[in-house]
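Since the structure comes first, as C-alpha cells, the remarks are kept for the end.
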Amino acid sequence: MLSMLLQPWHLILVALAGWMNRQQQTAIEYLREENRVLRQKLGKGRILLNNDQRRRLAVKGKALGRKLLSEITTLFTPDAILAWHRKLIARKYDGSRKRSPGKTRVRERIRELVIQFAQQNLSWGYTRIQGALANLGLHVGRTSIRRILEREGIEPSPARRKGMAWKEFLKIHWDVLAAADFFTVEIWGLKGLVRYVVLFVIDLSTRKVQIAGIAPDPNGTWMKQVARNLTDTDGGFLVGKRYLIHDRDPLFTEVFAQILESGGVETLKLPPQSPNLNAVAERFVKSIKS
C-alpha cells in the first residue's frame, strides 16, 4: 500500500531529473559550439594562458576526468589539461625553494679556499691553512686539507715552494711584492769626492719608489734602523707587503731579515749573479744612472 502511494512522487522525481539532465546537456552543447566558433575566429594560432588560467582549468578538468573531458572540451586537449594538473601538484609539493644550499656548496667553498691559500702562501703548511679556515668559521681537519691538495696535485709546503717557477711566483704574489737594491752617487764636498750608498725599495705592482736610506758608510746598525722604518705600522713603506726580494749584498744581514719578518715581511735572497730575477729594481738603477 505504501509503495503504491510513493510511485507518483517517484515518477515526478525521475521526470524532474531527466529534465535537468537535458538542460545541462543543452548548456554543454551550447558551450561546445561557442568554443568551436571561438577556435574558428582564432584560426590555428595558439591560445596563450597565464598560470592562474591554467590552474583554474586544471582543477575543474581533473574533477571531470579524461573521458568526460574528451567529450566536452574543444579548445584544449584532455592530455594538456591533465598535464597542467600534474604540474600544479608537483609545484605544491616541491620543497626545493625551501632547501638550504647544503653541505655540497660548503665543501666546494672549502676546497677553493684550501687551494687558494696553498697557491698564494708557499710557506703555509696544513696547520697554517687549517688556522686560516678557522678564522673564517670553517673547521676542517688537517687530513682533509692534505687530501684536497693531493687531489689537485699540489705539493706540501716545502716541496711546493721549491717546485714553483720564479715567473709563476711573481705572478701570484705581484701585489704583495717589493724589491730592494743599492746604488751609489758621488758628491763633491769640502773634503773632496765622497761616495754615498743609497738604499731604495720599490713596490713592484705600482712602481712606487722610496729612498730607504743614504749613508757614506752603511753598516748593520744603519740597516737595522732602515728595517724598523720600513715596517713601522704608522706609514711604513712595506706595510701590507709580504715579500721583499734582494740580492746577496752583505748589508742585507740576518738581523735585517728578522726585523722585517717580525713586521710580517719575508725576505727572499736571490741566487748569485741573477739580476734578471730582480729586473724592476735593476731597471730603476739604470734609469738613475742615465
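Multiply the residue gap between Leu190 and Arg228 by 0.36 nm, knock off their C-alpha separation, and tell me the result in nm, one decimal place.
10.4 nm
Give, in nm to one decimal, the length gained when the segment between Gln116 and Leu68 is fully stretched (0.36 nm per residue of separation minus the Cα-Cα distance).
10.9 nm
Tell me the label-point distance for the pair Ile214, Lys286, using the 7 Å Cα-to-Cβ offset, in nm and rounded to one decimal.
Output for this residue pair reads 2.5 nm.
Using θ = phi - 60° and the Karplus curve 6.51 cos²θ - 1.76 cosθ + 1.60, what whole-Hz ³J(HN,Hα) does each residue of region 183-189 get, with Gly and Pro shown as x?
3J(HN,Hα) across region 183-189, in whole Hz: 9, 10, 10, 9, 10, 7, x.
Want the number for Arg142 to Ile172: 0.36 nm per residue separation, take away the alpha-carbon distance, what's left?
8.4 nm
Just need log10 I(q)/I(0) for region 173-289 at q = 0.15, 0.23, 0.24 Å⁻¹, Debye formula, equal scatterers on the alpha-carbon atoms, no solvent, rounded to two decimals.
For region 173-289, the Cα-only Debye profile gives -0.64, -1.45, -1.55.
Each value in this text was obtained by applying a stated rule to the coordinates, not by laboratory testing. As the structure is a prediction and not an experimental result, all values here were calculated from the model. Backbone-built Cβ (ideal geometry, glycine too); neighbour counts: all protein chains shown.
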